[in-house]
Amino acid sequence: MRDYLLTLCVTAAVTYLLTGPVRKFAIATGAMPEIRARDVHREPTPRLGGIAMFFGLCAGLLVADHLQNLSSVFKLSNEPRALLSGAALIWLVGVLDDKFELDALIKLGAQMISAGVMVVQGLTILWLPIPGVGTVALTQWQGTLLTVALVVLTINAVNFVDGLDGLAAGMVCIASAAFFLYAYRMWYGLTIEAAAPATLFAAILMGMCLGYLPHNMHPARIFMGDSGSMLIGLILAASAISITGQVDPDLLEIFEGSTKAATHAALPVFIPLVLPLTIIAIPMADLVLAIVRRTWKGQSPFAADRGHLHHRLLEIGHSHSRAVLIMYFWSALIAFGTLAYSVHSTSMWIVLTVVFLSAVGLVLLLLPRFTPRAPKWAQAVVPPRYRRRAYRLAQAQAAEEAARLDSGAGPVTGSETDGPAAEEDREPVPAGVNGATAIGHRSRFSDRSKAGARG
């Protein structure tokens, strides 16, 4: 555990320290695209945060290779090199997209090629544990197709959820933390050496996200862009492939008694991690809903819109920060709930706790729809958002009248309170949103040079 924590800290430190210079580099190179209709930020923000994350990945792998307890991962397995090869390719394509806006089909092809590069070097699904059957070996083509599909789905799921400050990095960090605990239990607790690469990948991924988040929390100073979202999506998929399709359930026989019993014991995590990944169930659900929604409207599945889950949270009335925290909550509930169930699948308390927390999450989710209003006698002592509209208007008019009397202008006459201007003054100001959470009208920049000048 000490070596894993050291690797995590080094990765986080390198990512954190490089993000500032990368931001200046992105501004200097003009990697600050105009604000699009689906964006929720008001000011042009530099991208290319994935550059710092990639070098954090390289630093983490380099440190792990020189640690006594982790160097065996590189000697006994080719998976770290396979991951680095695929990550370098998808990162390079992401950097080009952040600067030049590549076509969606080009990025899809790059994702498939990156997955193929990892498959060629041995990071692929070899078998699947099927309930009631046991271990089912896959042919080379079956393993390749399943691996490529899983990588592409995970990359796009993470890319789709990257719509609010700190959302994608935080959700992936939560998912990788739960995944690390599960993989570490497999490697250290059950002494299964084949789980060591997945444990290392999860620790490095946590470090990348933790080092980047301080720069990306609302209001964000830099975006990870596709160079970052596709990179962390690929690493998360590689971790799942390594432990799901590489670890032979037969190795668990000594703990469970038989192959079928071992398969059933590992089922709560093994099967959900294949398709889709429970640890990123919310981004995966967002991806599926987006494809269905756009296809139903006759649009391309790659067409951008404002119908993602985080957009809907803002439309309901949540602030930017609250929407991100709600997504964090659901991600943690699904990821750690699955983890707890995989360890103690016979405990009813785990199920009851998950159900209770789900009910709490639903209440928090729908809270803006049911904002309570205080009774008349308590209007003066409750926060303004809980006061009734008539009371707020009367309070505003009283304050305006007091200001006029203090300035010596005299009381407000009837002619001054009538007419369109007065009606316009009485119109309540709609509840605003903080910083980058604007949903309605926002200023636009006519050209990229003006956008860059504002950054």
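Read-outs: derived from the displayed coordinates by stated rules, not from any lab. Keep in mind that this is a model prediction, so the values were computed, not measured. Positions of Cβ are generated from backbone atoms using ideal geometry, with glycine treated the same way; all protein chains shown enter the neighbour counts.
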Return the sequence-ordered ³J(HN,Hα) values of the stretch 112-126 in whole Hz as given by the Karplus equation 6.51 cos²θ - 1.76 cosθ + 1.60 applied to θ = phi - 60°, using x for Gly and Pro.
5, 5, 4, 5, x, 4, 5, 5, 4, 8, x, 8, 8, 7, 9
Which residues' amide hydrogens lie under 5 Å from the amide hydrogen of Trp127, considering only partners 5 or more residues apart or on another chain, with H built in the peptide plane?
Leu138
In terms of modelled amide H atoms, which long-range or inter-chain residues lie less than 5 Å from the amide H of Ile192?
Trp187
Provide the per-residue ³J(HN,Hα) series for the stretch 212-219, in order, calculated from phi with Karplus coefficients 6.51, -1.76, 1.60 and θ = phi - 60°, each as a whole number of Hz, with x at glycine and proline positions.
8, 4, x, 8, 10, 5, 4, x
To the nearest 0.05, what FRET efficiency results for Met217 and Ala137 with a Förster distance of 35 Å applied to their C-beta separation?
0.15
Karplus (6.51, -1.76, 1.60) ³J(HN,Hα), θ = phi - 60°, over the stretch 136-149, in Hz, Gly and Pro reported as x
10, 6, 9, 6, 4, 5, 4, x, 5, 5, 5, 5, 4, 5
Label-to-label distance, nm, for residues given as Glu43 and Val120 (7 Å Cα→Cβ offset):
4.5
Evaluate E = 1/(1 + (r/R0)^6) for Val360 and Gln397, where r is the Cβ-Cβ distance and R0 equals 45 Å; express this FRET efficiency to the nearest 0.05.
0.65
Along Cα→Cβ, 7 Å out, is where each label goes; now give me the distance between the ones at Asn69 and Gln299 in nm to one decimal.
5.0
Just to verify a number: FRET efficiency for Tyr188 and Trp349, C-beta to C-beta distance, R0 = 30 Å, to 0.05?
0.75
